[in-house]
Amino acid sequence: MDKPMSVRPALDLLSQWQPYAIPFVHRDVITRAEFNAYIEKWCQQSSSRFPILYLAFHGDSTSIQVGDARRSENCVSLDELEDMLFGRCARRIIHLGSCGSVDVNGNRLNRFLRNTGALAIFGYRGYIDWLESMAFELTIFAAMQMNTLTRSGVRAMKRQIERSSGAMAKRLDFRAVVAR
């Protein structure tokens, strides 16, 4: 029986990491309607203790693919995600853990940050190997937990990631854009 790959085991590991244990909510998303509902829930004040939106899907430079990518309604563009998050991401970080999801012009990502209010957007420019990116993302989440959710804290995260995993970040074509 083939079982789809999941980020859940890595999140479970991070939730046990002391003293930086990372609380999380994990959702399997099959449809666009589910995706929309979970994004709406994450934007609510009651979810403010989960300031990192980690979207681990297949993707490319035009969209992330929620569920069956053959169905166009399951492809969520950066523009659509921006509209859903508009003005609702103060003191939050968006991490797109999918192939090519931030392979767009830097001005486009800066507009995304301005319009959503997010501190930063992280992701990959090109194709990524799932296992290698999962190992790398452990260092990303470690850096997130060791720094404050401020612009200077996110800049410190970037420096920490570059110091500890710069070669892997380069190989994976990782990109971290911090709000101005």
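The values are calculated or read from the model by the stated rules, or taken from the named source; none is laboratory data. This structure is a prediction, so every number in the text was calculated from the model and none was measured. Neighbour counts are summed over all protein chains in view; Cβ atoms, including those assigned to glycine, are modelled from backbone coordinates with ideal geometry. With ligands, DNA and RNA removed, areas are computed over all heavy atoms of the protein, side chains included. Shrake-Rupley method; radii C 1.70, N 1.55, O 1.52, S 1.80 Å.
When M5 is tested against (1) within 29 Å of G87 (Cα to Cα); (2) touching a Phe, Trp or Tyr at 6+ places or on another chain (Cβ under 6 Å); (3) in a loop (DSSP other than H, G, I, E, B); (4) among the hydrophobic types (A, V, I, L, M, F, W, C), only condition (1) is not met.
Of everything in the stretch 41-65 that is closer than 18 Å to I121 by Cβ and part of a loop (DSSP other than H, G, I, E, B), the residue that is most open to solvent (accessible area, probe 1.4 Å) is T62.
Being open to solvent by less than 20 Å² (accessible area, probe 1.4 Å), under 16 Å from I64 (Cβ atoms) and in contact with a helix residue (DSSP H, G or I) (Cβ under 6 Å, 6 or more places away or on another chain) holds for only one residue in I128, I161, and it is I128. Pairing residues of the stretch 65-85 that are within 19 Å of Y54 (Cβ to Cβ) with residues that are open to solvent by 70 Å² or more (accessible area, probe 1.4 Å) and not β-branched (V, I, T), at Cβ distances under 8 Å and at least 6 apart in sequence or on separate chains, gives Q65/H58; E82/R111; M84/E40.
Residues are listed down the side, and each one gets a yes or a no for (1) within 13 Å of R92 (Cα to Cα); (2) open to solvent by less than 40 Å² (accessible area, probe 1.4 Å); (3) in contact (Cβ under 8 Å) with a residue 40 or more places away in the chain; (4) not charged (D, E, K, R):
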site	(1), (2), (3), (4)
N107	no, no, no, yes
I121	yes, yes, yes, yes
M146	no, no, yes, yes
R155	no, no, no, no
L172	no, yes, yes, yes
V178	yes, yes, yes, yes
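On inspection, R92 qualifies as of a type in the set (K, R), open to solvent by less than 30 Å² (accessible area, probe 1.4 Å) and either out of contact with any helix residue (DSSP H, G or I) (no Cβ under 9 Å at 6 or more places or on another chain) or closer than 27 Å to K41 by Cα (or both). Taking the conditions (1) open to solvent by less than 30 Å² (accessible area, probe 1.4 Å); (2) farther than 18 Å from I52 by Cβ in turn, R114 satisfies each one other than (1).
Of the set (1) touching a strand residue (DSSP E or B) at 6+ places or on another chain (Cβ under 8 Å); (2) open to solvent by 20 Å² or more (accessible area, probe 1.4 Å); (3) within 19 Å of K158 (Cα to Cα); (4) among the aliphatic types (A, V, I, L, M), all apply to L138 but (1). Here is the figure for the stretch 66-89: residues that are within 22 Å of K41 (Cα to Cα), among the small types (G, A, S) and modelled with pLDDT under 95 total 1.
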